[in-house]
Amino acid sequence: MNILVIAEHDNVSLKADTHKVVAAATAIGGDITVLVAGLNVGDVAQHAAKLTGVTKVLVADNACYEHHLAENLGLLVADLGKDYSHILASASTTGKNFLPRTAALLDVGQISDIISVIASDTFTRPFYAGNAIATVKSKDSVKVITVRTSAFDNVEETATADVVAIDNAHDAGISSYVSSELTKSERPELGSARIIISGGRGMQNGDNFKMLEEVADKLGAGVGASRAAVDAGFVSNDMQVGQTGKIVAPELYIAVGISGAIQHLAGMKDSKVIVAINKDPEAPIFQIADYGLEADLFDAIPELSSKL
Amino acid sequence: MKILVPIKRVVDYNVKVRVKSDNTDVDLSNLKMSINPFCEIAVEEAVRLKEAGIASEVIVVSIGEKACQEQIRTALALGADRGIQIETSEKVQPLTVAKLLHKVVEQEQPQIVLLGKQTIDGDNNQTGQMLAALAGMPQGTFASEVKVDGDKVHVTREVDGGLVTVALSLPAVVTTDLRLNEPRYASLPNIMKAKRKPIVVTTPEELGVDVSSNIEVLKVESPASRSAGIMVASVDELIDKLRNEAKVI
Ligand SMILES: Cc1cc2nc3c(=O)[nH]c(=O)nc-3n(C[C@H](O)[C@H](O)[C@H](O)COP(=O)(O)OP(=O)(O)OC[C@H]3O[C@@H](n4cnc5c(N)ncnc54)[C@H](O)[C@@H]3O)c2cc1C
Ligand SMILES: Nc1ncnc2c1ncn2[C@@H]1O[C@H](COP(=O)(O)O)[C@@H](O)[C@H]1O
């Protein structure tokens, strides 16, 4: 088996997602090649070459890949990918964007969000907001897969894979990058945070999130939110945890002023330990919390912060 | 310009589905069905583009059993002009849906195809991207803002790190995220008017698309359930439990 893993990066550094996708590739078994496509990605490629299990790193360094435009990346990966048995990417917004395009160009299906590998052609994946888990088998010649990274562990960095530059430039010429507004934060990213504290509609406004940030800083935690909090404009969209936001599985998840709608639970119910702080004893979040505290968050959070 | 909006009939988002005891699928009998929420947002956006004088016609298309005409009617009541149903009882996979939609795109020649980013039953998040590839169109996925500007459309996309805006040549595919708009409710007069709007029925055979798939579902199971936790009485007790019992802080 020959597996092509598409690296997740921002041209500057390799994202931890890649380590987890390589873990999924290792579970499938076979030769693992990582593709790094971007602009000035020399450092990213060197880093990818260290991931345990990787034997080769292909580097497509070209301006047409700088912004990960799906039209261009989709063509590149379809061009390279036809010679592999599997193509894997993270189920990040980048992977979800270009990989189905690649699959369609190869005339094969895609299996989204796998959480385990049963055999080289058989995987499990959640659907219906995680209320059901399907075991699916693919007969496609190339298996195109996105990996739910919260379900896999990091691989180590013990390899010294060959780094090979390739000059395949695919510029579809139908799309261009205009601008971005990326959130900068000193706190851990939700995907890799060991602890996450999230606020919901109960927070009442964006300013009150500062209380959660204080707790987060004491615990080295990331800060998340429910969709209601994002919709109400308290915080930015990249903080949304849930079925249609980020899927996380930290060691500790603290839900503050969040009711526990199925769409929110879909994004965090695989956390190791769940704490819920809510003033409504009937809130559904208590049904899945390991530790529930029925309290007004405006009392409980300042107290928690001062006692940590 | 014409806008094509593919919509899917799915179980209502408020319903928590259960797995059948024989582990072949989830049990959908007698559950409330609705338009997939992301598709509803796509219909709303298309109707707004029409109201703004940018679009001339909004066509909705749904692939599924006859019952999906209910959702087509709902979309017509929200302001779409006409409907197409592609009748099949197969559970079509995204690649097949994309191939069927590609045929409709060839017939109708829309300038924008507006889809939901994801169905809340399959959670695939593939169809728009696959259709774009088959039709050779650019794509703006997970849109929170759509602005048509001459022969281009600017799409602001919700991505893991924040927002990214791309410019796409028309015709283009756009998939909706939750914050793109808030769909309206259909008024009674519009529900009545929708009854007279046309729905054309066709089939995958007529469109020349094979609906079989290489991806087979072997079984469907319930996720591992969490064992019930405890209620703590105070912040002190919570900290104590997290430190000494769970050992996570
Ligand atoms: C297609 C679709 C996709 C969706 N995707 C997501 C998703 O990815 N993620 C997501 O989160 N949601 C998602 N939703 C929305 C979801 O259905 C819920 O509406 C949302 O999760 C509710 O957020 P909330 O719990 O913050 O708000 P609410 O349900 O309003 O709950 C607020 C809670 O705060 C508590 N509270 C209020 N004041 C206080 C106080 N002073 N102290 C303590 N507790 C207090 C209340 O008791 C209540 O339980 C989606 C919905 C749809 C239709
Ligand atoms: N059976 C269907 N009929 C019409 N449109 C569909 C169908 N299935 C999926 N779609 C469209 O594709 C989008 C994404 O679906 P998916 O890729 O399955 O998550 C949906 O929001 C719809 O716009």
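The values are calculated or read from the model by the stated rules, or taken from the named source; none is laboratory data. Note that the structure is a prediction, hence the values are computed from the model and not measured. Cβ sites come from the backbone with ideal geometry, for glycine too, and all protein chains shown count toward neighbours. When the accessible area is computed, the model is the full protein with side chains, heavy atoms only, and any ligands, DNA or RNA have been set aside. Shrake-Rupley method; radii C 1.70, N 1.55, O 1.52, S 1.80 Å.
Some observations on this one:
- With contacts taken as Cα pairs under 8 Å at a separation of at least 6 residues, region B:2-244 carries a relative contact order of 23 percent.
- Prolate/oblate/rounded label for region A:72-128 (Cα gyration tensor, a/c 1.5): oblate
- Rounded if a/c under 1.5, otherwise prolate or oblate - chain A, Cα gyration tensor axes: prolate
- Paramagnetic reach from A:T183 in region B:138-165 [backbone N under 12 Å; point 7 Å along Cα→Cβ]: B:159-163
- Environment charge of A:F286, counting only residues whose C-beta is closer than 10 Å and scoring Lys/Arg +1, Asp/Glu -1: -3
- Of every Cα-Cα pair in region B:2-244, the percent that sits beyond 32 Å: 28 percent
- Proximal lysines to A:K82, defined as alpha-carbon separation beneath 16 angstrom and excluding residues fewer than eight positions away on the same chain: A:K139, A:K143
- Between B and A, accessible area buried - total, square angstrom, nearest 100, 1.4 angstrom probe: 6600 Å²
- If you run the Gaussian network model on chain B, springs between alpha carbon atoms under 10 Å, then out of B:A172, B:A77, B:A224 the most flexible one is B:A224.
- Spin-label proximity, A:A16 to region A:167-200 - amide N less than 16 Å from point 7 Å beyond Cα toward beta carbon: A:185-197
- Net charge of Cβ neighbours under 12 Å - reference A:L58; Lys, Arg +1; Asp, Glu -1: -4
- Prolate/oblate/rounded label for region B:50-186 (Cα gyration tensor, a/c 1.5): rounded
- Max mean-square fluctuation residue, GNM over chain B, Cα-Cα springs under 10 Å, options B:L134, B:L238, B:L101: B:L238
- With contributions of -39500 (n - 2.57) from each DSSP H run of at least four residues, the per-residue ellipticity at 222 nm computed over the protein assembly as shown stands at -7500 deg cm²/dmol.
- Mean separation of Cα contacts under 8 Å, 6 or more apart, over the residue count of chain A: relative contact order %: 14 percent
- Backbone N under 12 Å from the A:D162 label point (7 Å along Cα→Cβ), restricted to region A:52-94: A:55-58
- Cross-link partners of B:K2 among lysines, defined as those whose alpha carbon lies under 26 angstrom from its own and excluding same-chain residues fewer than eight positions apart: B:K50, B:K66, B:K99, B:K103, B:K117, B:K147, B:K152, B:K193, B:K195, B:K197.
- For chain B, built as a Gaussian network whose Cα springs stay under 10 Å, the top-fluctuating residue of B:A135, B:A67, B:A233: B:A233
- Relative to the longest principal axis of the Cα atoms of chain B, the long axis of helix B:94-108 lies at roughly 20 degrees.
- 0 to 90° range, to nearest 10: angle between helix B:37-51 axis and chain B longest Cα axis: 40 degrees
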